[in-house]
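Just so you know, all these numbers are worked out from the coordinates, no wet-lab data involved. Values in this document were obtained by computation on a predicted structure and should not be read as measured data. Reconstructed Cβ throughout: ideal geometry from the backbone, glycine too, with neighbour counts over all protein chains shown.
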Amino acid sequence: MHVAMIGTGYVGLVSGACFADFGHTVTCIDKDADKIARLQAGGVPIFEPGLETLVAQNVKAGRLFFSTEASEAVRGADAVFIAVGTPSRRGDGHADLSYVYAAAEEVAGLVEGFTLVVTKSTVPVGTGDEIEAIFNRVRPDADVAVVSNPEFLREGAAIEDFKRPDRVVVGVTDDRAREVMRELYRPLYLNETPIIFTGRRTSELIKYAANAFLAMKITYINEIADLCEAVGADVQQVARGIGLDNRIGGKFLNAGPGYGGSCFPKDTLALVRTARDAGAPMELIETTVKVNDARKKAMAEKVGRAVEAELAGLTVGVLGLTFKPNTDDMRDAPSLDIVPALQARGAKVQAFDPEGTHEARQLLRDVVFKSDPYDAAEGADILVIITEWDQFRALDLDRIKLLMNRPVMVDLRNIYKPDDMRARGFTYTSVGRA
Ligand code: NAD
């Protein structure tokens with residue numbers, strides 16, 4: 001099959017490379033000429049484990065192409081995927097669909113023959129209907145089927161998630177389109193991956209319902225963590241104790257500084273807006289958003305409590321800035337709330353992140369960026385772990401202790417054990433553990 005992928009970001013590039021790896025011929029298109037030039041030169045513009053190799057192999061095999069020009073690829077495509085961004089619209093939290101609609105307009109002017117137009121972007125219920133209306137207006141003669149195929153990959157494990165997903169959701173009513181989608185995902189069919197065919201609106205809603213549920217689950221364990229601290233219980237044991245119950249499940253029960261990232265914050269807000277507009281408000285999700293926002297800001301106070309002193313004049317070393325490990329993505333990372341809140345209390349911040357520094361430099365002010373974790377600890381009064389990169393799990397703690405002004409660690413990801421840390425002479429604070 002021939003695929004045109006409009007938008008070559010985290011989702012478009014991973015999906016495009018994986019479809020090419022399934023044997024299809026894929027052209028990834030992006031307006032960002034620098035990004036495309038870099039890909040054409042054999043580079044990869046984002047950090048995602050395994051992606052560089054996958055891209056290189058499929059380029060070499062003659063199945064994966066990159067272009068700033070949509071025309072040729074769209075004309076020859078069996079399916080055009082829209083994988084552009086849907087950020088929060090300033091002010092009201094609605095998903096900003098301007099990129100999606102602009103892409104749809106452009107594609108409408110180009111399609112030839114029976115073509116699927118598939119939204120991979122996360123879009124609110126009814127967006128597929130709007131895209132259909134755009135095609136009816138711009139190209140009433142076009143033979144297209146508008147399909148919803150939300151993406152559930154996680155950054156940091158994106159290729160594995162795309163190739164071995166828990167399920168694939170396809171919102172489609174047209175029989176011909178269903179066959180094309182089956183063909184595109186044929187290798188997953190052979191693996192017996194559940195492929196769920198639904199109506200388009202249902203499919204659009206499934207994506208938001210999934211993300212909002214996960215955001216709520218994280219927020220729930222975070223509140224349990226606060227309660228654990230207040231009553232002298234251990235949140236990790238609580239999480240294990242409830243997570244072994246199959247009805248609850250053990251994933252997404254890691255207490256921490258609050259969820260962030262490129263999806264949960266904007267998708268929870270968008271669902272809240274959709275629900276309000278539809279006259280069916282979702283108070284659980286509204287509360288989740290509120291609790292999570294407050295939590296990220298409150299983390300600076302937690303750091304202050306660890307030294308039982310004002311933060312003014314102290315140096316805080318920060319380990320990890322990206323919203324999760326194994327990505328360079330800084331969108332809505334908790335560090336973007338925590339670091340400014342520490343600075344507002346007068347702390348000086350020096351930080352290290354394995355992959356996120358380039359992005360972080362554009363988003364954080366007055367931070368001294370260091371080149372390894374030991375540099376970030378040197379001369380610090382407090383060391384704060386914000387992101388649980390694997391390399392922070394096995395630090396030379398004796399060396400860290402010698403380098404620091406005083407051995408105070410605030411571990412917002414619970415990667416160390418309180419007893420061990422105390423035995424090593426650290427004043428150690430974590431989340432939800434005595
Ligand atoms: P991104 O910002 O990394 O990439 C979007 C790309 O689209 C950019 O490179 C941009 O230049 C390009 N673009 C915008 N308009 C264009 C146009 N008209 N023509 C060509 N290119 C255009 O975004 P992302 O993280 O890949 O997310 C894309 C969508 O997928 C969003 O709706 C997001 O919610 C959803 N999603 C993201 C993830 C994730 O982990 N990042 C997971 C699942 C779903």
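What area, in nm² and to one decimal, does the C-alpha convex hull of region 2-198 cast on average over all directions?
Directional mean of the projected Cα hull area for region 2-198 stands at 10.7 nm².
Return a whole-number percent for the relative contact order of the chain, with Cα pairs under 8 Å and 6 or more residues apart as the contact set.
Numbers: 856 pairs, mean separation 52.9, N = 434.
Over the chain, the number comes to 12 percent.
Quick one: if the Förster radius is 30 Å, what FRET efficiency do ASP245 and THR198 give, using the C-beta to C-beta distance and rounding to 0.05?
0.60
With a cut-off of 8 Å between alpha carbons and a minimum separation of six or more residues, what is the relative contact order of region 2-198 in percent?
Worked out over region 2-198, it gives 20 percent.
What length, rounded to one decimal in nm, is gained on full extension from ARG276 through to ALA56, with 0.36 nm per residue of separation minus their alpha-carbon distance?
Gain in length upon complete extension: 74.7 nm.
With a Förster radius of 60 Å, plug the Cβ-Cβ distance of PHE114 and LYS290 into 1/(1 + (r/R0)^6) and report the FRET value to the nearest 0.05.
0.80
Suppose R0 equals 41 Å; then what is the FRET efficiency for ARG406 and ALA209 from their Cβ-Cβ distance, rounded to the nearest 0.05? List each step's numbers first, then the result.
Details: r = 47 Å, r/R0 = 1.14.
So the FRET efficiency works out to roughly 0.30.
Could you give the alpha-carbon Rg of the chain over 2.2 N^0.38 Å, rounded to two decimals?
1.05
How many nm separate the modelled label positions at ALA312 and ARG164, each set 7 Å beyond the Cα in the direction of the Cβ?
Each label point is offset 7 Å from its Cα along the Cβ direction, giving 5.5 nm.
Given Cα positions, please report Rg to Rh for region 1-104, the hydrodynamic radius being the Kirkwood one.
0.99
For region 235-429, count the residues as N, evaluate 2.2 N^0.38 Å, and divide the Cα radius of gyration by that value, please.
Numbers: Rg = 17.6 Å, N = 195, 2.2 N^0.38 = 16.3 Å.
In units of the globular-protein estimate, region 235-429 measures up at 1.08.
May I ask for the distance between the Cα centers of region 133-178 and region 19-80, given as a whole number of Å?
18 Å
Starting with the highest mean, order 224-234, 295-305 by the number of other Cβ atoms within 10 Å, averaged over the residues of each peptide. If you can, show how the numbers build up before the last one.
Numbers: 224-234: 15.5, 295-305: 18.6.
Order by mean packing, descending: 295-305, 224-234.
How big is the gap, in Å, between the Cα center of region 196-220 and the Cα center of region 382-434?
Result: 36 Å between the Cα centres.
Can you order the peptides 186-199, 1-14 by their average number of other Cβ atoms within 10 Å per residue, highest first?
Numbers: 186-199: 13.1, 1-14: 24.7.
Top to bottom by mean Cβ count within 10 Å: 1-14, 186-199.
So how much slack lies between TYR374 and GLU283, counting 0.36 nm per residue of separation and subtracting their Cα-Cα distance, in nm?
Result: 28.3 nm gained on full extension.
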